1. Taking the residues in the range 184-211 that are outside any strand (DSSP E or B) and in contact with a strand residue (DSSP E or B) (Cβ under 6 Å, 6 or more places away or on another chain) as candidates, determine which candidate is nearest to residue 83 (Cα to Cα).
2. May I ask you to list the residues in the range 208-230 that are touching a helix residue (DSSP H, G or I) at 6+ places or on another chain (Cβ under 8 Å), exposed (fewer than 14 other Cβ atoms within 10 Å of the Cβ) and at pLDDT 95 or above?
3. Give the residues of the range 97-154 that are surrounded by 13 or more Cβ atoms within 10 Å (Cβ to Cβ), modelled with pLDDT under 90 and in a loop (DSSP other than H, G, I, E, B), sorted by residue number.
4. Scan the range 160-186 for residues that are closer than 21 Å to residue 18 by Cβ and within 14 Å of the chain's Cα centre (by Cα) and jot them down.
5. Being on the phi < 0 side of the Ramachandran plot and surrounded by 15 or more Cβ atoms within 10 Å (Cβ to Cβ) is true for just one of 13, 17. Which residue is that?
6. Checking residue 164 against (1) without any contact (Cβ under 8 Å) to a residue 12 or more places away in the chain; (2) in a helix (DSSP H, G or I); (3) farther than 26 Å from residue 38 by Cα, which test does it fail?
7. Taking the range 20-41 as the search range and keeping residues that are buried (at least 20 other Cβ atoms within 10 Å of the Cβ) and part of a helix (DSSP H, G or I), which one is farthest from the chain's Cα centre (by Cα)?
């Protein structure tokens with residue numbers, strides 16, 4: 001069953017649950033009773049090393065995996081040998097919650113940094129969501145959010161030139177990281193990771209990143225991808241982050257052309 005089942009350690013410690021708790025609250029599950037019922041069912045595993053698959057192609061293990069620390073991505077290797085990244089995953093994200101419903105799929109999840117992971121049995125998910133419907137709605141909302149990210153990624157790759165495409169991808173990562181409490185302007189991804197997510201060659205990605213550095217939007221420190229001018233980045237990307245939903249955007253300042261319509265969106269989603 002791979003790395004996850006071989007490395008069982010024990011129950012989730014309070015500090016290991018911080019990002020997951022914050023995400024669940026962003027998704028509308030703010031009841032303490034639900035959290036106290038849900039968190040003890042997550043069992044902690046040892047760390048997955050960078051480059052190690054957390055979820056393997058075709059696996060159907062009877063549990064879902066949650067990222068507690070680190071960065072991962074869902075991906076698929078294509079015939080040419082290149083990797084296509086579908087989405088990035090951060091602390092608090094389920095790596096494979098869709099396998100609760102669709103047990104065998106042909107994509108995988110790999111650790112992009114050293115990660116710590118936890119698992120929850122599918123039978124426990126069934127029991128606890130039957131008892132606490134609000135938890136089930138929060139988990140469902142999370143899968144819809146992921147689908148929304150997929151749709152936006154498809155449009156980004158298919159319709160935007162390289163410069164706004166990469167700017168948009170970086171904006172999305174900043175918004176998602178801030179939603180789980182990150183205050184860093186550094187994106188914890190490599191140019192290769194971004195290239196594989198944006199369907200660009202590494203050479204084209206490097207050239208685009210250098211353009212963003214020359215424009216003063218990214219730091220000229222070549223070792224990291226650090227945003228130093230967020231407003232210009234948002235403007236180049238024409239980033240309208242409403243596809244990430246208001247819960248995720250609680251700390252993200254939307255561009256001026258979207259602010260007036262955000263209260264309408266919130267009211268619509270609350271109906």
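1. 196
2. Scanning the range 208-230 gives a single hit, 216.
3. Across the range 97-154, the qualifying residues are 103, 105, 107.
4. Of everything in the range 160-186, those that are closer than 21 Å to residue 18 by Cβ and within 14 Å of the chain's Cα centre (by Cα) turn out to be 173, 174, 175, 176, 177, 178, 179, 180, 181, 182.
5. Just one listed residue meets the conditions, 17.
6. Status for residue 164: all satisfied but (1).
7. 34
Conditions tested, residue by residue: (1) under 17 Å from the mean Cα position of the chain (by Cα); (2) within 26 Å of residue 25 (Cβ to Cβ); (3) not in a helix (DSSP H, G or I).
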position	(1), (2), (3)
47	no, yes, yes
64	yes, yes, yes
74	yes, yes, yes
84	yes, no, yes
87	yes, yes, yes
92	yes, yes, yes
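The values are calculated or read from the model by the stated rules, or taken from the named source; none is laboratory data. Remember, predicted model here, so these are calculated numbers, not experimental data. Note that each Cβ is placed from the backbone with ideal geometry, even for glycine, and that neighbours are counted across all protein chains shown.
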